[in-house]
Amino acid sequence: MTGRVVAFDDAVGLGEIELGDGRRLGFHCTAIVDGTRTITAGSQVELEVVAGHRGLWEAARVRPRAAQR
């Protein structure tokens with residue numbers, strides 16, 4: 001699945017991704033698979049959707065996509 005990072009707060013490590021259908025999913029910096037623990041708002045990403053700890057869906061295994069030319 002793909003989406004776009006709409007917000008990311010480096011101080012707390014939390015972000016939000018918008019999917020193509022308009023749904024928004026939260027994620028924690030530990031879900032970023034490249035180990036950087038930060039990501040820029042506006043970045044296109046690939047992700048998996050999983051059941052979160054609070055009964056809500058969240059993004060997991062977030063992978064930044066290569067820039068399109």
Within region 59-69, the residues that are surrounded by 13 or more Cβ atoms within 10 Å (Cβ to Cβ) and either free of Cβ contacts under 8 Å to residues at least 12 places away in the same chain or touching a Phe, Trp or Tyr at 6+ places or on another chain (Cβ under 6 Å) (or both) are ALA59, VAL62
Would you confirm whether any residue within region 3-11 is among the basic types (Lys, Arg) and closer than 16 Å to ARG65 by Cβ? yes
For region 9-42, which positions are among the β-branched types (Val, Ile, Thr) and modelled with pLDDT under 95? THR36
Does GLY42 qualify as being assigned to a loop (DSSP other than H, G, I, E, B), touching a strand residue (DSSP E or B) at 6+ places or on another chain (Cβ under 7 Å) and surrounded by fewer than 12 Cβ atoms within 10 Å (Cβ to Cβ)? yes
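Kindly provide the set of residues from region 25-39 that are among the small types (Gly, Ala, Ser) and either over 11 Å from GLY15 (Cβ atoms) or part of a loop (DSSP other than H, G, I, E, B) (or both), ordered by number.
Within region 25-39, just GLY35 meets the criteria.
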Pull up region 31-51, narrow it to residues that are of a type in the set (A, V, I, L, M) and in contact (Cβ under 8 Å) with a residue 24 or more places away in the chain, then point me to the one that is nearest to PRO64 (Cα to Cα). VAL45
Restrict the check to region 21-30 and report whether at least one residue is closer than 11 Å to THR2 by Cα and without any contact (Cβ under 8 Å) to a residue 12 or more places away in the chain. yes
Do we find that ASP10 is loosely packed, with under 14 Cβ neighbours inside 10 Å and touching a Ser or Thr at 6+ places or on another chain (Cβ under 6 Å) in this structure? yes
Out of LEU47, LEU25, LEU19, sole residue that is open to solvent by less than 40 Å² (accessible area, probe 1.4 Å) and in contact with a Phe, Trp or Tyr (Cβ under 7 Å, 6 or more places away or on another chain): LEU25
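The values are calculated or read from the model by the stated rules, or taken from the named source; none is laboratory data. Worth saying up front: this structure is predicted, and the values here are computed from it rather than measured. Note that we place each Cβ from the backbone using ideal geometry, even for glycine, and neighbour counts take in every protein chain shown. Please note that ligands, DNA and RNA were not included when accessible areas were found on the heavy atoms of the full protein model with its side chains. Shrake-Rupley method; radii C 1.70, N 1.55, O 1.52, S 1.80 Å.
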